Amino acid sequence: MKSLKRALTGVVVAAGVAAGTLVGAAPAQAAVPNLQMTGGVYCQFGAPGTPWNQAWSMTRFMRVTARDGEFRNVTLQEINGATKFKSQLKKNESLTIKTVWFGCFPSSIAGYAISDYAENLTDNAGFWWNVRRVDNPLDRFGTGSSASSALTGGGTDVAGVPAIPGR
């Protein structure tokens, strides 16, 4: 009977310590660190007075950002394209691959991000695109097609990037 009481006391004490540890540790736990990838493909039309070679441009970009922690040896890789590397990416710091050229034609960008830290990989790869050609809205000679002005795209919308029409 004495050993049964000791065993029961041991179980109760262990359960109490475990419950106290969980309750005590819960408020102090921080968010889990995460590498988050965003990107986009969009056309941009310059304001009046902009030089002609900057008046109508296509922009493609991918960005990886360290959320809620620091990451070692971060690589941002565009598929069949550029690579960016940083040995230490601090909290809320980003690496960006960006391409801009004159005109608006169908385009896409795809890639992935990796680091030395094991984390949630579901948002470490991305693909963004626009499907149709966008004609210049300032076309005075009427050679453009209004039917081709709609865009569709994928990926994560990014604050500060122009919204895709029709989306």
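The values are calculated or read from the model by the stated rules, or taken from the named source; none is laboratory data. What you are looking at is a predicted structure, and each value in this text was computed from that prediction instead of being measured. No Cβ is skipped: glycine too gets one built from the backbone with ideal geometry, and neighbour counts run over all protein chains shown. Only protein heavy atoms, including side chains, enter the accessible area calculation; ligands, DNA and RNA are left aside. Shrake-Rupley method; radii C 1.70, N 1.55, O 1.52, S 1.80 Å.
Would the stretch 68-78 turn up any residue that is surrounded by fewer than 14 Cβ atoms within 10 Å (Cβ to Cβ) and free of Cβ contacts under 8 Å to residues at least 12 places away in the same chain? Among the residues of the stretch 68-78, not one is surrounded by fewer than 14 Cβ atoms within 10 Å (Cβ to Cβ) and free of Cβ contacts under 8 Å to residues at least 12 places away in the same chain, which makes the answer no. Report whether or not residue 58 is touching a residue at least 40 places away in the same chain (Cβ under 8 Å) and closer than 15 Å to residue 123 by Cα. Considered against the rule, which asks whether it is touching a residue at least 40 places away in the same chain (Cβ under 8 Å) and closer than 15 Å to residue 123 by Cα, residue 58 comes out as no.
Among residues of the stretch 117-146 being open to solvent by 80 Å² or more (accessible area, probe 1.4 Å) and among the aliphatic types (A, V, I, L, M), the one that is modelled with the lowest pLDDT is 138. The number of residues in the stretch 57-94 that are hydrophobic (A, V, I, L, M, F, W, C) and touching a Gly at 6+ places or on another chain (Cβ under 6 Å) comes to 3. If the condition is being of a type in the set (Ser, Thr, Tyr) and in contact with a Ser or Thr (Cβ under 9 Å, 6 or more places away or on another chain), then the stretch 75-125 contributes 75, 83, 94, 99, 107, 112, 115.
Per this entry, residue 114 is counted among residues that are of a type in the set (A, V, I, L, M, F, W, C), modelled with pLDDT of 90 or more and open to solvent by 70 Å² or more (accessible area, probe 1.4 Å).
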